[in-house]
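Chemist: Got a structure for you, questions after.
The values are calculated or read from the model by the stated rules, or taken from the named source; none is laboratory data. All figures in this text were calculated on a predicted structure; none of them were measured in a lab. In this analysis, Cβ positions are derived from the backbone assuming ideal geometry, glycine residues included, and neighbour counts consider all displayed protein chains.
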C-alpha cells in the first residue's frame with residue numbers, strides 16, 4: 001500500500017523529523033515540516049550512527065553521501081583513565097566487517113537530510129513555533145503567531161520539550177541522574193585514528209572519536225556530581241572547569257582537552273518512555289517519545305528507526321489510527337529495551353572503589369583476550385536490528 005495524497009504535518013526539523021518526512025514522502029504522502037527556527041541549522045557536535053541507523057539511511061539512498069563526509073569506525077577501545085594501554089579493543093573491522101558504523105557531525109547529517117527533503121518535494125516552513133497540540137481525530141496545532149493548523153495527520157518530532165508529548169501524556173517528570181556532560185569539538189592535530197576511545201575513571205569518563213574525514217575530534221565528558229546543570233545542549237561553560245575535572249587523565253585525553261576553546265555543558269535527566277505514542281491522528285517520534293541518556297549512542301539511531309517504521313506502519317494500515325497503533329506496538333518495546341541498556345551502562349565506566357575497578361578492568365582484558373568476537377557481538381540485538389527488511 002502507499003500513502004498517495006495523504007497530508008501529513010511534522011513538527012520539528014531535527015534528525016527524526018526530517019527522516020520521517022523522507023520516509024513518508026517516499027510512500028507518496030504530501031508532507032509539510034514545521035520548524036520554529038529561522039533556518040535548518042545545527043551546531044551540535046558528533047554522533048555515532050550505528051548499523052541499525054545506517055540501514056535506514058541506506059534504504060533512503062543516503063549512505064554513500066553520509067560516508068563521504070564521515071569516518072567509518074574500525075574499533076571501540078576502552079582504557080583506564082590514568083594508565084597507558086588498552087583494556088579492551090572491540091575490533092569492528094576484524095570481527096564485524098559487514099557492519100557499517102560511522103562517526104558523523106550532527107550538522108552534516110542535518111544538512112544531508114534537509115537537502116534530501118527539499119529534493120523530494122517536502123514543504124519546509126520555518127519560523128513556525130507550535131505552542132499547543134490538540135490531539136484527536138481532527139487535530140489542531142496552535143502556533144505562537146496565533147495561527148492554527150488543522151493537519152490530516154500530525155507527527156510530533158519536537159524533541160525533549162515536546163508539545164505533542166505533553167498533549168498525549170501530560171506534563172513530564174524527568175529526574176536528574178546526578179551526572180553532567182560536556183561536549184566539544186577540536187582539531188585532530190594528533191591524528192587520532194578511526195576509533196572511539198573511552199577513558200574510564202572514578203566517577204567520570206571521557207569519550208572521543210574523529211569526525212569530518214578525520215579532521216576533527218568529538219569529545220563527550222561525563223561527571224557524577226550533586227550540582228545539576230540545566231537540561232539541553234547549548235549551555236556554555238568555561239573550558240577550564242572541564243580540564244579541572246579531568247586533570248590526571250591519560251595524556252591523549254588531557255592533550256585533547258587542552259585544545260578545547262568552546263564547550264557546552266548539560267545535565268543528564270532521565271525521562272520515562274512515553275506511555276502513549278498516539279491519540280487520534282497525532283503521534284510522537286524520536287526524543288518526543290523516548291528521550292535517552294547518551295551511554296549507548298542511540299538517540300539519533302532510534303529516531304531513524306522510528307521514521308521508517310512509522311511510514312511503513314501507516315502504509316500497511318487501512319486507517320491512520322490503525323497505522324499509528326501498529327507503529328507504537330512495533331517501536332515502544334524495543335525503544336524501552338535500548339533505553340534501559342543506556343540507563344544501566346554509565347556506572348560501568350565510573351567505578352570508584354580501586355579493588356572493584358581493578359577486578360572489572362581485569363575482566364575486560366580477559367574477555368578481549370579469550371573471546372574478542374563475542375565481546376563485539378554482545379550488542380548485536382541493537383546494531384544488527386534492521387527495520388527496513
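Chemist: Say we look at segment 112-140 and pick out the residues that are within 27 Å of the chain's Cα centre (by Cα) and more than 19 Å from residue 16 (Cα to Cα); which of these is surrounded by the fewest Cβ atoms within 10 Å (Cβ to Cβ)?
Modeler: Once the filter is applied, the top-ranked residue is 131.
Chemist: I'm checking my understanding of the structure. Among residues of segment 328-352 that are in contact (Cβ under 8 Å) with a residue 12 or more places away in the chain and more than 30 Å from residue 312 (Cα to Cα), which one is surrounded by the most Cβ atoms within 10 Å (Cβ to Cβ)?
Modeler: Among those that are in contact (Cβ under 8 Å) with a residue 12 or more places away in the chain and more than 30 Å from residue 312 (Cα to Cα), it is 349.
Chemist: Inside segment 184-202, can you point out the residues that are surrounded by 16 or more Cβ atoms within 10 Å (Cβ to Cβ), at pLDDT below 95 and farther than 21 Å from residue 74 by Cα?
Modeler: 201
Chemist: Let me ask something else about it. Please work out which one of (1) at pLDDT 90 or above; (2) closer than 17 Å to residue 205 by Cα is the condition residue 259 fails and give its number.
Modeler: Looking at each condition in turn, residue 259 falls short on (2).
Chemist: Mind listing whichever residues of segment 355-389 are over 22 Å from the mean Cα position of the chain (by Cα), part of a helix (DSSP H, G or I) and free of Cβ contacts under 8 Å to residues at least 24 places away in the same chain?
Modeler: Once the filter is applied, which keeps residues that are over 22 Å from the mean Cα position of the chain (by Cα), part of a helix (DSSP H, G or I) and free of Cβ contacts under 8 Å to residues at least 24 places away in the same chain, segment 355-389 yields 355, 356, 358, 359, 360, 362, 363, 366, 369, 370, 374.
Chemist: Return yes when residue 196 is part of a strand (DSSP E or B), touching a residue at least 24 places away in the same chain (Cβ under 8 Å), assigned by TED's automatic domain parsing to the domain that holds residue 12 and within 30 Å of residue 330 (Cβ to Cβ) and no when it is not.
Modeler: In short, no.
Chemist: Right, here's the next one. Mind counting the residues in segment 1-13 that are assigned to a loop (DSSP other than H, G, I, E, B) and either surrounded by fewer than 19 Cβ atoms within 10 Å (Cβ to Cβ) or within 18 Å of the chain's Cα centre (by Cα) (or both)?
Modeler: Looking only at that region, the number is 7.
Chemist: Further question: When the residues of segment 14-34 are filtered to those that are more than 14 Å from the chain's Cα centre (by Cα) and under 13 Å from residue 156 (Cβ atoms), which remaining residue is surrounded by the fewest Cβ atoms within 10 Å (Cβ to Cβ)?
Modeler: 34
Chemist: Also, I was wondering about something else. Identify, from the list 344, 367, the residue that is touching a strand residue (DSSP E or B) at 6+ places or on another chain (Cβ under 9 Å) and under 26 Å from residue 95 (Cα atoms).
Modeler: Only one candidate passes the filter, namely 367.
Chemist: Only residues that are surrounded by 17 or more Cβ atoms within 10 Å (Cβ to Cβ) and at pLDDT 75 or above: list them for segment 365-378, please.
Modeler: Scanning segment 365-378 gives 375, 376.
Chemist: Kindly provide the set of residues from segment 205-222 that are in contact (Cβ under 8 Å) with a residue 40 or more places away in the chain and surrounded by 22 or more Cβ atoms within 10 Å (Cβ to Cβ), ordered by number.
Modeler: 205, 206, 208, 209, 210, 211, 218, 219, 221, 222
Chemist: Here's something else I'd like to know. List the strands (runs of 3 or more DSSP E) that sit entirely inside segment 71-136 and contain at least 2 residues that are more than 30 Å from residue 31 (Cα to Cα).
Modeler: Strands (runs of 3 or more DSSP E) meeting the threshold: 75-80, 88-91.
Chemist: Looking at (1) assigned by TED's automatic domain parsing to the domain that holds residue 200; (2) in a helix (DSSP H, G or I), can you tell me which one residue 351 breaks?
Modeler: (2)
Chemist: Also: Please verify whether residue 78 is touching a residue at least 12 places away in the same chain (Cβ under 8 Å), over 26 Å from residue 250 (Cβ atoms) and either in contact with a helix residue (DSSP H, G or I) (Cβ under 7 Å, 6 or more places away or on another chain) or surrounded by 20 or more Cβ atoms within 10 Å (Cβ to Cβ) (or both), treating the condition exactly as stated.
Modeler: Criteria not met by residue 78.
Chemist: I'd like to check something: does segment 82-93 contain any residue that is farther than 30 Å from residue 375 by Cβ, in contact (Cβ under 8 Å) with a residue 60 or more places away in the chain and surrounded by fewer than 21 Cβ atoms within 10 Å (Cβ to Cβ)?
Modeler: No.
Yes/no per residue for (1) under 21 Å from the mean Cα position of the chain (by Cα); (2) free of Cβ contacts under 8 Å to residues at least 40 places away in the same chain; (3) in a helix (DSSP H, G or I):
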position	(1), (2), (3)
264	yes, no, no
287	yes, no, yes
295	yes, no, yes
304	yes, no, yes
308	yes, no, yes
323	no, yes, yes
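Chemist: Sticking with this one: Residue check, residue 38 against (1) within 18 Å of the chain's Cα centre (by Cα); (2) modelled with pLDDT under 95; (3) part of a loop (DSSP other than H, G, I, E, B), all met but one. Which one?
Modeler: The number of the failed condition is (1).
Chemist: Looking for whichever is modelled with pLDDT under 95, loosely packed, with under 15 Cβ neighbours inside 10 Å and closer than 29 Å to residue 76 by Cα here; the options are 178, 232, 159. Which one fits?
Modeler: Just a single option satisfies the conditions, and that option is 232.
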